[in-house]
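The values are calculated or read from the model by the stated rules, or taken from the named source; none is laboratory data. Bear in mind the structure is a predicted one, so any value in this text is a computation, not a measurement. FYI the Cβ positions are ideal-geometry reconstructions off the backbone, even for glycines, and counts take in every protein chain you see. Please note that ligands, DNA and RNA were not included when accessible areas were found on the heavy atoms of the full protein model with its side chains. Shrake-Rupley method; radii C 1.70, N 1.55, O 1.52, S 1.80 Å.
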Amino acid sequence: MAEEDLDRQAIEDLVESASRAIAGSENLDSLEAERIRYLGRKGELTKSLRSIKSLPAEKRPAVGNAINQAKERLEALIEERKTSLSASFVEEEPYPGDFTLPGRSGFSGGRHILHSVMGEIKEIFAGMGYSIAEGSDVELDYYNFEALNFPPDHPSRDLQDTFYINKDILLRTHTSPVQVRYMEKHKPPVRIIVPGKVYRNESPDPSHSAEFLQMEGLYVDENVSLADLRNDVTYFIRSFFGQDASVRFRPHFFPFTEPSAEVDMSCFSCRGEGCQICQKTGWIEIMGAGMVHPNVFRYAGYDPDAYTGFAFGMGIDRIAMLKYGIDDIRRFLTNDLRFLSQFWSEREMGE
Ligand code: PHE
């Protein structure tokens, strides 16, 4: 075999191994590495081109020619591979996520715990035949105090307790003014609950807030008795806190009811034995109540000899705090999502 043929064989072998390396490179970086290895300035093929000098002069053109052809072939192969690697990146690279996962729904907000508690209480009373009446937060002194039989010098009329807008107009301090407003417009029988915001000029602390929610109840008809009040209040407390709750009435005073009472329920936590929640008394105060005072009927235009009725009023914030073990009434108003979201359903969490 001629020397020239031997060189050609060496070139063929080089082309052969270079082609395999090019076809086998899996990305653009490794392809570039192969190009440098064979065609770079210190590459295998470039080296053999330099070694031509050591060949006899008459053989150089043929071998040089073969090397140049090999170089062109390899350059063409590299271009081809480059194109197919770039194309496959666009077309075949899979979507980096898992498109079989269910979509995430957006956060749409959640119900405030006070709103939920109010809803639950409304539903219990609706089941007993009460309908809902509402008044406004800005109220006349007349409805908030006078028509409710408050004497002119009653301490709660003091600036310290009431936010006055002027001498006659104020922010209502309780939902009771709606009793008189409703009776003015409706004949008995009346059976309503009145949910709403009330305001008191108090320095905020864990159990006091200058604004909070109340729910009033009013039932007026012929022959409504204290026993009816006991029945409805007990039914509510057992529905909301549990059937084993017992209820007691403690004598109290409100200008607009006579007799008046504060209603306690047995402590749901210690069941009457005495704990932190009930301050070791075994009882928890839950609302104020009583039989509608005859003077209130007179102000409202009802005949106190023809009708009797009962009324009750409770603080919704306090009831929510008791039921959910919330330690500070001010949390309801601070809009801290870490607090509020504890009471959201999974749907409200956006899951
Ligand atoms: N309005 C009273 C209060 O805010 C509660 C109450 C309502 C008491 C109805 C008796 C009857 O304290």
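Does Phe236 fit the bill of being within 16 Å of the ligand (Cβ to nearest atom), within 31 Å of the chain's Cα centre (by Cα), modelled with pLDDT of 95 or more and within 19 Å of Phe125 (Cα to Cα)?
Judged against the criteria, Phe236 is a match.
Just one of (1) open to solvent by 10 Å² or more (accessible area, probe 1.4 Å); (2) within 16 Å of the ligand (Cβ to nearest atom); (3) among the hydroxyl-bearing types (Ser, Thr, Tyr) trips up Thr257, so point out which.
(1)
Within the set of pairs 6 or more residues apart or between chains, which connect a residue that is surrounded by 12 or more Cβ atoms within 10 Å (Cβ to Cβ) inside region 107-129 to a residue that is part of a loop (DSSP other than H, G, I, E, B) and aromatic (Phe, Trp, Tyr) with Cβ atoms less than 6 Å apart?
Gly110/Trp344
Looking at (1) among the basic types (Lys, Arg); (2) away from the ligand (no atom under 13 Å from the Cβ); (3) surrounded by fewer than 18 Cβ atoms within 10 Å (Cβ to Cβ), can you tell me which one Lys197 breaks?
Every listed condition holds for Lys197 apart from (2).
Please find, within region 274-320, the residue that is nearest to the ligand (Cβ to nearest atom) out of those that are surrounded by 22 or more Cβ atoms within 10 Å (Cβ to Cβ) and farther than 30 Å from Tyr142 by Cβ.
Among them, the one singled out is Ala320.
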